[in-house]
Amino acid sequence: VSTTKESAVVASAEALLAPRTLPDAIRRTLGRSLHIRHLDAGSCNACDWEIAALLNPIHDLQRLGIDVVASPRHADLLLVTGTMTRNLELAALRSFEAMPEPRLVVATGACAISGGVFAGSYASRDGIGSVLPVDVWIPGCPPRPEALIHGLLVAVGRMEAFPHERS
Amino acid sequence: MWRDLRDRLLRPLIRGPLTARHPAVAPSLPAAARGLPVVDSARCDASGACVMACPTRAITVTEQAWRLDLGRCVFCAACADACPQGAIALTGRVELAVRERTAAVVSTPITGGGS
């Protein structure tokens with residue numbers, strides 16, 4: 001009995017000392033709930049409309065315990081759309097810094113990942129990755145609401161990242 | 001009044017909830033929806049027509065492999081239209097989120113030499 005007790009203590013100590021990945025920290029702190037702050041960093045608004053569609057009765061994001069909030073101070077996840085224009089770099093950084101930890105950043109759409117059709121422009125960066133530490137990338141132009149839900153659930157470790165089993 | 005009753009009360013009751021069952025089951029998409037582009041590795045002859053057609057330079061083709069950066073892809077299907085072999089098709093697969101930027105690059109080996 002004592003050995004199992006000891007091994008349990010050792011196991012829990014190891015679990016505490018092991019480097020935790022962010023989804024682990026998120027799950028520990030937030031359970032399955034997630035609050036999103038949407039940040040438009042120079043988007044064409046297509047991604048933003050798909051995000052808006054998440055809140056309609058068909059996709060009904062709240063049924064998953066996920067909601068959109070009005071301030072980065074209330075948010076666990078920064079959902080960034082757009083190429084990261086030069087004028088918005090500082091605002092994006094400040095939004096990120098205003099978020100309490102643990103925090104996640106999700107790059108939404110081709111623009112936020114690589115600059116998309118605007119790649120190489122003098123007026124913007126090629127994606128948000130050079131300004132913010134991105135945890136999940138959601139391809140699409142724009143990504144469909146289903147793709148956004150998948151990305152958000154990947155961010156909190158509730159779904160598997162691409163390439164996964166399901167088609 | 002009866003029509004109203006039928007459309008606003010009975011029909012929703014028969015139809016059931018409109019909310020998608022999506023994360024639990026695979027997404028049901030309209031037929032025109034464009035998702036993950038895939039290449040038929042037997043039909044691809046590495047002509048490079050798709051590389052030239054791609055507006056965001058998301059595709060690179062070598063003798064051995066067809067590589068697509070999903071982070072650049074805008075799912076426009078210009079590659080599928082341009083391919084002389086008709087080897088590229090856009091599937092209905094949209095759940096493409098990745099944790100690493102490099103994981104967004106999909107690579108398909110080219111096995112055939114075309115027709």
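The values are calculated or read from the model by the stated rules, or taken from the named source; none is laboratory data. All of these numbers come straight from a predicted model, not from anything done at the bench. Cβ sites come from the backbone with ideal geometry, for glycine too, and all protein chains shown count toward neighbours. Side chains included, ligands, DNA and RNA excluded: accessible areas come from the protein's heavy atoms. Shrake-Rupley method; radii C 1.70, N 1.55, O 1.52, S 1.80 Å.
Is it fair to say B:Val25 is within 21 Å of the chain's Cα centre (by Cα), more than 30 Å from A:Leu153 (Cα to Cα), of a type in the set (Val, Ile, Thr) and open to solvent by 30 Å² or more (accessible area, probe 1.4 Å)?
So B:Val25 does not fit the description; no.
May I ask you to list the residues in the range A:120-138 that are under 26 Å from A:Pro163 (Cα atoms), more than 8 Å from chain B (Cβ to nearest Cβ) and open to solvent by less than 20 Å² (accessible area, probe 1.4 Å)?
Selection gives A:Ile128, A:Leu132.
When you go through (1) open to solvent by 10 Å² or more (accessible area, probe 1.4 Å); (2) within 24 Å of B:Pro30 (Cα to Cα); (3) within 14 Å of another protein chain (Cβ to nearest Cβ) one by one for B:Arg57, which number turns out not to apply?
Status for B:Arg57: all satisfied but (2).
For the range A:1-119, which fully contained helices (runs of 4 or more DSSP H) count at least 3 residues that are surrounded by fewer than 18 Cβ atoms within 10 Å (Cβ to Cβ) and at pLDDT 90 or above?
A:46-53, A:89-98
Does at least one position in the range B:2-21 carry a residue that is surrounded by 16 or more Cβ atoms within 10 Å (Cβ to Cβ) and either within 13 Å of the chain's Cα centre (by Cα) or at positive phi (or both)? Break it down stepwise before answering.
Step one: list which residues in the range B:2-21 are surrounded by 16 or more Cβ atoms within 10 Å (Cβ to Cβ), which gives B:20.
When the remaining residues are screened for being either within 13 Å of the chain's Cα centre (by Cα) or at positive phi (or both), the result is none.
Checked the range B:2-21: no residue is surrounded by 16 or more Cβ atoms within 10 Å (Cβ to Cβ) and either within 13 Å of the chain's Cα centre (by Cα) or at positive phi (or both).
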